[in-house]
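Laboratory data are not the source of any read-out in this text; all were calculated from the coordinates shown. The structure presented is a predicted model; accordingly, all values stated were derived computationally and were not measured. Quick reminder, even Gly has a Cβ in these numbers, built from the backbone with ideal geometry, and neighbours come from all protein chains shown.
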Amino acid sequence: MYLRRIFSIQNAAMLGVVIIAALVPLQLGNNQYNMVLATTVLLYAVLASAWNIIGGMAGQLDLAVGAFVGVGAFTSGTLLIRWDVTPWIGMPIGGLVAVGVAVLIGFPMFRFKIKEVWYALVSIALVEVMRVLFLMWGEVGGPTERYLPIDTWSWYHLRFNTYMPYYYILLVMLVIVLLVNRWIRDTKLGYSLLALGEDEDAVEVLGVDVRAAKLKALVIYAFIAGAVGGLYANIYGFIHPTVFSTDMSVEVMILGIVGGLGITYGPVTAAIVLVIIREYLRAKLGGELAGLYLMVYAVVLILVALYQPRGLVPLFNKGWERLKSYWGARQRERGIPTSIENK
Amino acid sequence: MNVESQPLLRTSNLTVTFGRLVAVNDVSLEIYPGELVGLIGPNGAGKTTLFNAIIGLNRPASGAVFFKGVNVTNFLPHKICRLGMSRTFQVTRAFVHMSVEDAVRVGAYNRCNERNVRDKVDEVIAFCELNDIRKRVSSDVGLASLRRVELARALATDPDLLLLDEAGAGLNTTELSAFMNLLTQLNQDRRITLLVVEHVMRMVMGVCQRIFVLDAGSLIATGNPEQVSSNERVIEAYLGKRA
C-alpha cells in the first residue's frame, strides 16, 4: 500500500522530469545565455508554484509576490553584506520576515473580507509601498545598489561565476515546493482552500475557518517567496529597491493562471512554455522594435485566455486522454486487452 | 411527540435589519431535539435572512441565538458548525470545479482527521445515494443531484441540527418524493433535528411535525400542519384579506 503510493505514475513522471531537468545544464552549460534562461524559468516556476497555493487553490488574485521576494532579498542580502551571514541562514530568515509582512497585511485583509479585485489592489499596492519604503530607508536600501561579495566559487557566500549552482538550488527548491503543493492538496487545508476559492459562505457553514485557512496559505506562499528572494539577491549580485517589482508580481500571477488554477503542475508547465516563448521573442524581436515582443507575448496570452480558459495543463491532459483512447482502440483491434482504458 | 424539555435551538427577540428595512422582526422560536420543523412564508418574508442570522452569516441588530444552551449570536459560522449546526442554500452553491466526493470531504473534515475522513465520505455518499456520480465534477451532475450533494456536504459535518433552505425547489414529483423520504430517514434514523424552509406545500405538510409561519419578518403562527393551514392570519398572508 505504502510502496504503491511511492511508486505511483505521478511520482515516476515527476522523477523523470527532475532527471531531465538535472541534465539540462550539461547540454547548455557552456552557453551562459541559455543557462540564464533556464535559471529564469526555474525561478518563475518556483514562484508560480508557490503562488498556486494562495492564487490557484484559495482563489485569491494575489499580486504581492514582488513584495515578499524583495523583503527576502534585502534580508538575506543585508545579512551577508553587513555581518557576513551565509545565505543558507539568510534565505530562511528572509522567508520568515516575508511571513511577518504577510501576516501584517493578511490578517486585517481576511478579517474584513477583502477579496477578489480588492485583494489584488491591496497586494499590488504592497509591492509599491515596500519599494518606496526601501528607497527612503537609507541604512538598508536607498537609491544606490549595494553589492554582495564577489567570489568565483563560494558555497558559504553562495556566490559563483556561473549560473549552474543556482540552477540546481532552484531545482531542489522547485521539487520541495511541488511536494508542499501536493501535501496541501491532499489534506484538510487543500480541500478547504479549493472550496473557499469557489464560495466562502458555503464553506464556512461546513466548519471551515476561512480566515485561518487563507492566512495559512498566504504564510506558506510568503515564506517560499521570501526564501527565493534571498537567492534572487545572490543570483544578481546586488540589492536595490527595484527588486520590489510589480512586473514580477503580474508575471507570476499570469503563469499561475495560464498553467491552470489549483493544478499542482500547472505553474511549472506555464513557466517552461511562456518564459521560453517570451525570452525567444525578446531575442528575435527585441532588436527590431522595442516592446514588440511584449505585444506578441500578449497575443499569446489572449489566445490562451480565449481558447483554454482553464489553463494549459487541462489542454495537455485532453491530448493525453486522446492519445490513450487512440492507443486503446488500436490495441483492441488487434485483440489485445488493455488496462489503460478505464481511468 | 417525544421531545426533551431543553430546546436545541432558541432565538429570543431576534431582529435583523438592512439599513431601515426590518427583514426579521422580533422572532422568538424554540426547536427541540429530534423535531422536524417547517418554516414557511410568502416571498420576502425573511426566511433566508432568519437562517443566515441563526447560523452566523448575518449579524442580528438585536436579540440572541442559543444553540445547545450556548449563546452563539456573535459566533462565526465555522464555530457554530463545530458545535453541530449546518445548512444548505436556497440557490445551490456547489463547488463547481470539485468532484462530488471532494465537496463532501470538505464537510467531513469538521469532525474527522486525515485517517478517518475517507470512511465518513464513503458513508455519507452511500447514504445520499451518490455513489454513481462521486467522481464527477459538481458542475455537470444536474439540479436534483446537486441538491443531494449539498445535503451530503452538510451531513458530512455530522450536525445535530440541519437547516435546509428550499432544498426541494426545482425538483419534479418523483425527485421530490425521494427527497422527502431522505429527510424522514435523516430525522428518524439518524436523529438529526431539521428546520426546513420550503415553498412546496406538499413537502412541508407531508413531513413536518410543527410549522412556523413568517410574514413580513414577523412570526405570525406556530402549530401542526392542520392548525397552521386553517389559521386565519396564515390564509390572509398567503391569499390576501377576505373581501
Exercise. On a 0 to 90° scale, report how tilted helix A:87-111 is relative to the longest principal axis of chain A, with both axes built from alpha carbons and the result rounded to the nearest 10.
Key: 80
Quiz item: Taking only the alpha carbons of region B:93-158, what extent do you get along each of the three principal axes, in Å, biggest first?
Solution: 30, 20, 17
Quiz item: For peptide A:183-190, how many partner chain Cβ atoms fall within 10 Å of a residue's Cβ, on average?
Solution: 2
Quiz item: For the pair B:ASP26 and A:ASP84, how long in nm is the line joining their label points, each one 7 Å along Cα→Cβ?
Solution: 8.0
Practice problem: Averaging sequence separations of C-alpha pairs under 8 Å and six or more residues apart, then dividing by the length of chain B, give the relative contact order as a whole percent. | Solution: 25
Quiz item: Taking region A:188-343 on its own, what percent of its Cα-Cα pair distances exceed 18 Å?
Solution: 73
Quiz prompt | Extension gain (nm, one decimal) between B:ASN181 and B:ARG136, 0.36 nm per residue minus Cα-Cα | solution = 13.8 nm
Self-check item: region A:212-227 residues near the modelled A:TRP118 label - backbone nitrogen below 17 Å, point 7 Å along Cα→Cβ
Solution: A:212, A:214-215
Quiz item: Considering chain A, what Rg and Dmax in Å follow from its alpha-carbon atoms?
Solution: 21.2, 76
Self-check item: chain B, Rg to Rh (Cα coordinates; Rh as Kirkwood inverse mean 1/r)
Solution: 0.96
Exercise. Treating the angle as unsigned and between 0 and 90°, give the value, to the nearest 10°, between the Cα long axis of helix A:312-333 and the longest Cα principal axis of chain A.
Key: 20
Quiz item: Using a basic spin-label model with each label point 7 Å from the Cα along Cα→Cβ, how many nm lie between A:VAL296 and A:TYR168?
Solution: 3.5
Quiz item: In nm, what is the difference between 0.36 nm times the number of residues separating B:ILE235 and B:MET201 and their Cα-Cα distance?
Solution: 10.9 nm
Self-check item: Hits among lysines - C-alpha to C-alpha of B:LYS79 under 25 Å, sequence gap 8 or more where chains match
Solution: A:LYS113, A:LYS115, A:LYS188, A:LYS214, A:LYS216, B:LYS47, B:LYS68, B:LYS120
Quiz item: Each label point is 7 Å from the Cα along the Cα-to-Cβ direction; what then is the distance between the points at B:ARG118 and A:ASN161, in nm?
Solution: 5.6
Exercise. Determine ³J(HN,Hα), in whole Hz, for all residues of region A:255-272 in sequence, where each value follows from phi through the Karplus function 6.51 cos²θ - 1.76 cosθ + 1.60 and θ = phi - 60°; x replaces Gly and Pro.
Key: 4, x, 6, 5, x, x, 4, x, 8, 3, 8, x, x, 4, 4, 4, 5, 4
Exercise. Please figure out what share of the DSSP beta bridges in the protein assembly as shown is antiparallel and state it in percent, rounded to the nearest 5.
Key: 60
Quiz item: On full extension of the chain, what length is gained from B:PHE66 through B:GLU226, given 0.36 nm per residue of separation minus the C-alpha to C-alpha distance?
Solution: 54.7 nm
Quiz prompt | Value in Å of the Kirkwood radius, where the protein assembly as shown supplies the Cα pairs that are averaged | solution = 27.0
Quiz item: Tell me, B:PHE67, A:PHE110 in order of fewest to most beta-carbon neighbours within 10 Å?
Solution: A:PHE110, B:PHE67
Quiz item: Nearest 10 degrees, 0 to 90: what angle lies between the long axis of helix A:116-136 and the longest principal axis of chain A (Cα atoms)?
Solution: 30
Self-check item: Pairwise centroid distance, computed over Cα atoms, of region B:218-243 with region A:210-264, Å
Solution: 60
